1. Can you tell me how the range 76-138 classifies by the Cα gyration tensor, rounded, prolate or oblate, using a/c under 1.5 as the rounded cut?
2. If you find the alpha carbon centre of the range 82-142 and of the range 22-49, how far apart are they in angstrom?
3. If I compute Rg/Rh (Cα atoms, Kirkwood Rh) from the structure I just sent, which labelled value in (1) 0.96; (2) 1.21; (3) 1.05 lines up?
4. Would you mind checking the tilt of helix 34-48 against the longest principal axis of the Cα atoms of the chain, expressed as 0 to 90 degrees and rounded to 10?
5. Test of the criteria: in the range 97-142, which GluC sites (Glu not before Pro) are in a DSSP loop and have at most 14 other Cβ atoms within 10 angstrom of their Cβ?
6. Please list 3J(HN,Hα) in residue order for the range 8-21, calculated via the Karplus relation 6.51 cos²θ - 1.76 cosθ + 1.60 where θ = phi - 60°; whole Hz, with x for glycine and proline.
7. Specify the longest stretch of the chain that does not include any exposed loop site, a site being one of the trypsin sites (Lys or Arg not before Pro) with a non-H, G, I, E, B DSSP assignment and at most 12 other Cβ atoms within 10 Å.
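Throughout, read-outs are computed from the coordinates displayed, never taken from laboratory work. Treat the numbers as computed from the prediction; the structure is a model and nothing was measured. Glycine also receives a Cβ, built like all others from the backbone with ideal geometry; neighbour counts cover every protein chain displayed.
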Amino acid sequence: MIKAPFELVDVEYEKMGSDFILSILVDKPEGITVEDTAELTDIISPLLDTIKPDPFPDQYMLEVSSPGLERPLKTKEALENAVGSYINVSLYKAIDKVKIFEGDLVSFDGENLVIDFMDKTRHKQVEIPYEIVSKARMAVKL
C-alpha cells in the first residue's frame with residue numbers, strides 16, 4: 001500500500017478521549033512534507049474502506065504523519081540502522097534494577113544491543129538482550 005520512496009514506520013490504533021485514532025507513521029530519506037501526508041491520506045483512506053470485514057468498526061480519525069525526532073525502532077533492521085544514534089530503550093525485565101536506558105547505541109548484532117549511557121557523571125555500557133526490549137525509539141539528547 002505504501003510504496004518507495006516512502007517507508008511505513010508504524011501503525012497505531014488507539015482511543016483518545018471518546019475518539020478512535022488510526023495513526024500511520026511514514027518517512028522517506030529526505031523527510032516527509034505536508035503535501036506528502038495529504039497525498040498519502042488521499043491514497044490510504046479509500047483503500048481502508050475496501051477491507052472486509054472492517055477492521056475498524058467504530059468511527060475513527062485517520063492521521064498520516066512523520067515519525068518525528070523520536071521515531072520508533074520497531075524492527076531489528078531499524079536498530080541496525082540506528083547504531084551510532086542516541087536512543088531510548090524500555091525493557092520487559094530490569095537490568096541492575098533499571099528498566100529504561102537512554103544513550104548512544106554502540107552496537108547491535110541482531111541478538112544484543114550495547115548502549116553507552118551516563119550514570120550520574122560516569123559513562124557506562126550495558127548489554128541488553130533484544131528479547132527483553134519492549135520498546136525502542138530514537139531520542140533527543142538534551
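1. On the way: a/c = 1.73, a/b = 1.19, b/c = 1.46.
Oblate, because a/c is 1.5 or more while a/b does not exceed b/c.
2. 30 Å
3. (3)
4. Tilt of helix 34-48: around 60 degrees.
5. Details: sites: Glu102, Glu111, Glu127, Glu131; in loops: Glu111.
Answer in residue order: Glu111.
6. 6, 9, 6, 9, 10, 10, 9, 9, 10, x, 9, 9, 9, 10
7. On the way: sites that count: Lys3, Lys97, Lys120, Lys141.
For trypsin sites (Lys or Arg not before Pro) (loop position, at most 12 other Cβ atoms within 10 Å), the longest site-free span of the chain is 4-96.
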